Amino acid sequence: MELRQLRYFVSVVAQGSMGRAALELGVGTSALSQQISRLEGELSTRLLQRTSSGVVPTDAGLAFWRQAQLAIRHADDAMRAAQLARLSGHVSVGMAPSTTGVLGLPFMAAMRQRYPDIRLHLVENLSGNLATMLGARQLDLAVLFQEERTRRWSVLPLLEEKLFLICRRDLPAAPTQDHISLAELGDIPLIMPSGPHGLRALLNNASTQGAHALNISAEIDGLSLLMDAVRAGYGATIQPGAAIARLPPEEFRLIDITDASVSRPNLLVSLSDDELSPAGLATRVVLQQVASELASSGQWPGATVYKR
């Protein structure tokens, strides 16, 4: 007797039909019928009664069905326990400050639930620094905003983030409309990271292409202090929606920037698959799933999951 036969039998009873059970299981009706007949032969008793409308369990079949469900549940629990026991160890994951604000805790919660024996080491740093750490094998995987193609890494497109003009609701220079282009920013004072920062480089490139300069009133290399300055009303900033994840959203306006080039890719980058441990591979899957769920449910403002 095989576990597969038990699953087949339980499905037939649940569906009340060989045909519907075959569709659910993804097997042919004749193959399913043969397996049920073989099971009845091994038990030397009839388990199913054929009727004009389908099949129903006999008294023996009903008794067998209860025990088969229990056996399947025990087998699934055994496989799950074996998988969890295998997946232990240490995995280092890097994220940028804006990313940790929206992804950090949900990711930790998912890992604690699914793989409690994997010990996480989370690192918050700028994308460029995380790439350096990944290259030095100080991280197993990281969410980066650009790919260095010279590296022998595994790269999975994760999601695309829209960028917003973010400001206090009562900022005098703020536009009244809900969307704006870079060309329309005019004299709005902007608080931005300095030149080497990847986000600043992206915006500098977009504004250069459009032949309009940004009004940078201050440069702050640190998301927490930068957003404190915006919250204090010292100016606006251009950031992804995740930048306000740790702040009261009711205090801010997020104004869509309409320029097509003003968005930021999020890439799930890791050591190559042959270098990544089983725990690392499992962690990568969980990170991808959690990010996708947050974006799809609207909990990651302005994020769109890449179609696969």
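The values are calculated or read from the model by the stated rules, or taken from the named source; none is laboratory data. No experiment lies behind these values; they were computed from the predicted model shown. Here Cβ is always computed from backbone atoms with ideal geometry, including for glycine, and neighbour counts include all displayed protein chains. With ligands, DNA and RNA removed, areas are computed over all heavy atoms of the protein, side chains included. Shrake-Rupley method; radii C 1.70, N 1.55, O 1.52, S 1.80 Å.
Using the Cβ atoms and a cut-off under 13 Å, what net charge is assigned to the surroundings of F107, where Lys and Arg are +1 and Asp and Glu are -1? Spelling it out: positives minus negatives among the neighbours equals +1. With protein chains left intact and a 1.4 Å probe, residues in segment 160-263 average 47 Å² of accessible area per residue. Accessible surface area normalised per residue over segment 3-84 is 57 Å², counting heavy atoms of protein chains with a 1.4 Å rolling probe.
Count neighbours as other Cβ atoms within 10 Å of each site's Cβ, and list the trypsin sites (Lys or Arg not before Pro) in segment 189-264 that are DSSP loop with at most 16 such neighbours. Before the final figure, lay out each step's value.
Working: sites: R200, R231, R246, R253; in loops: R246.
Listed in order of number, the matching sites are R246.
Using alpha carbons only, how many angstrom separate the centre of segment 171-219 from the centre of segment 25-58? After rounding, the separation between the Cα centres reads 69 Å. Backbone amide hydrogens, once placed in the peptide plane, bring D259 within less than 5 Å of L182, excluding anything fewer than 5 places away on its chain.
Neighbours of K162, meaning other residues whose beta-carbon lies under 15 angstrom from its beta-carbon, give a summed charge of -3 when Lys and Arg score +1 and Asp and Glu score -1.
Taking only protein heavy atoms and a 1.4 Å probe, the accessible area of the chain is 51% carbon and sulfur. Applying the Karplus relation 6.51 cos²θ - 1.76 cosθ + 1.60 with θ = phi - 60° to segment 44-49 yields 3J(HN,Hα) values of 6, 7, 7, 9, 10, 10 Hz, where x marks Gly and Pro. Which of rounded, prolate, oblate describes segment 160-263, given a ≥ b ≥ c as roots of the alpha-carbon gyration tensor eigenvalues and a/c under 1.5 marking rounded, otherwise prolate only if a/b is larger than b/c? Note, shape of segment 160-263 comes out rounded.
Couplings 3J(HN,Hα) for segment 64-71, derived from phi with the Karplus relation 6.51 cos²θ - 1.76 cosθ + 1.60 (θ = phi - 60°), are 5, 4, 4, 6, 5, 4, 5, 5 Hz, where x marks Gly and Pro. Between L122 and V93, the built amide H atoms are under 5 Å apart, and every one of these is 5 or more places off in sequence or on another chain. Karplus-based coupling profile of segment 155-164, in residue order and whole Hz: 10, 10, x, 9, 6, 10, 9, 6, 9, 10, with θ = phi - 60° in 6.51 cos²θ - 1.76 cosθ + 1.60 and x standing for Gly or Pro.
If you take every DSSP beta bridge whose two residues both sit in the chain, what share of them, in percent to the nearest 5, is antiparallel?
The answer is about 65 percent antiparallel.
Positive contributions from Lys and Arg (+1) and negative ones from Asp and Glu (-1), summed over other residues with Cβ under 15 Å from the Cβ of A303, come out at -1. Charges were assigned to the Cβ only: +1 to each Lys and Arg, -1 to each Asp and Glu. The resulting dipole of segment 160-263 about its Cα centre is roughly 140 debye. Farthest towards the positive end of the charge dipole of the chain, among the residues A260, I220, Q138, is the Cα of Q138, using unit charges on the Cβ of Lys, Arg, Asp and Glu. The calculated 222 nm mean residue ellipticity attributable to helices in the chain amounts to -13000 deg cm²/dmol, summing -39500 (n - 2.57) over DSSP H runs of n ≥ 4 and dividing by all residues.
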